[in-house]
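Just so it is clear, none of the values below were taken in a lab; they were calculated from the coordinates. Note that the structure is predicted; figures quoted are calculated from it, not measured. Glycine also receives a Cβ, built like all others from the backbone with ideal geometry; neighbour counts cover every protein chain displayed.
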Amino acid sequence: MARSHPEKTNLPGGAPRLANIQALRAFAVLLVVGVHLQFNEALYSAQTVLSPWLYHGVSGVDVFFVTSGFIMVYISRHRFGTASNARFFLLNRAARIYPPALLFTSLAVLGMVLAGSTQKWLSDHNVLYSFLLLPQKQQPLLGVSWTLIHELYFYLIFAVFLLGRFRHLLVWLLVWALVITYAHYKGIWGYNPWSLIAFHPLTFEFILGALTGLVIVHFRPRYGGLALAVGIVSLLAGAFWIGAPVETDYPTGWGRVVAFAPGAALMLYGLHGLEVSGRWHAPGWLVRLGDWSYSLYLSHILVISALAHIWAPFARPGIVDNIIFILVALIAILVFSALAYYGFERPVLRLLKTAIHRQKARP
């Protein structure tokens, strides 16, 4: 294989900042926001502005999973081979995931208390598991954090891979894929909430992202524009292949992976190829939105729900009222996520990473 291509380094481990990948995260989180705005409008209004086809914005989660696999390979490629690196990888990932998740799960519980719906929600959920992001029969109290349970599983398995050598990563990824396939063939993947996560088809999206990372690490990306265009078409084709969400049960397993994972991987490859070739760099505002994407993802349903309760007494029939609510909600979501990112997520992450680096520097 060819050597890794030289690039400007801004991140630890020899990795550049990946501005275009941050822009892809911004695109992904806006897709998810579109889903919940459409769902909220359809729930409370007979006349709607947003199309039911927006429900295919759930593909933003698939983009996130593919991107996550890529990022893990890209930033960790020089950190294979020791238990210490695997341990600090997990500490860094925990520092990244848990503080915002704990904050917004707490806000979700507070919202339930204020709305007087604790009996409805808390009695049927394992509250501790929701905070710790562990698998359970019900959705976690902060609904969107189901994806974080998958992410933590990805990180745990990847940390095991870090114990070995980077050149063996391809083999281990393929073994992982075979194990998941075998579990489905034997019918054991749905045995309990833990096996549902361990052998879920969505894991293939993380694996595909990691494989894309291996390709990019060893071969300079080419034809970025073409790959991006084909990826967008593939994502749209996946939505049409699934069909109108109002007419069919939405797939959560293999069908979803087939529909959206290839397009997500091609978009990622294309955007990175455009960046390293210097042909296109995402505008600063879009990269900044990508920086906020984690806080935005976790908080947007809370913002929509709070606004819907405030809006309800003043709502009027007709689409004008809907348009105003959608615009107000979008502005509120962006403002709140920026405040959460700059006021909580980023400073807390810096503090935790400083503590981790100090511990790593100790003899």
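Brief remarks follow.
- With the highest mean first, a sort of the peptides 150-158, 29-37 on other beta-carbon atoms found within 10 angstrom per residue produces 29-37, 150-158.
- Cα-centred dipole magnitude for the chain, charges only on beta-carbon of K, R (+1) and D, E (-1), debye, nearest 20: 1660 debye
- Per-bin percent of Cα-Cα distances, the chain [20 Å]: 27, 61, 13, 0
- Helix 203-218 and the longest principal axis of the Cα set of the chain meet at an angle near 40°.
- Region 49-127 shape via C-alpha gyration tensor axes, a/c threshold 1.5: oblate
- Cα-based Lys pair tally, the chain, threshold under 26 Å, eight or more apart or on separate chains: 4
- Counting only alpha carbon atoms, the long axis of helix 19-44 and the longest principal axis of the chain meet at about 20°.
- Against the chain, whose longest principal axis comes from its Cα atoms, helix 146-162 is set at around 10 degrees.
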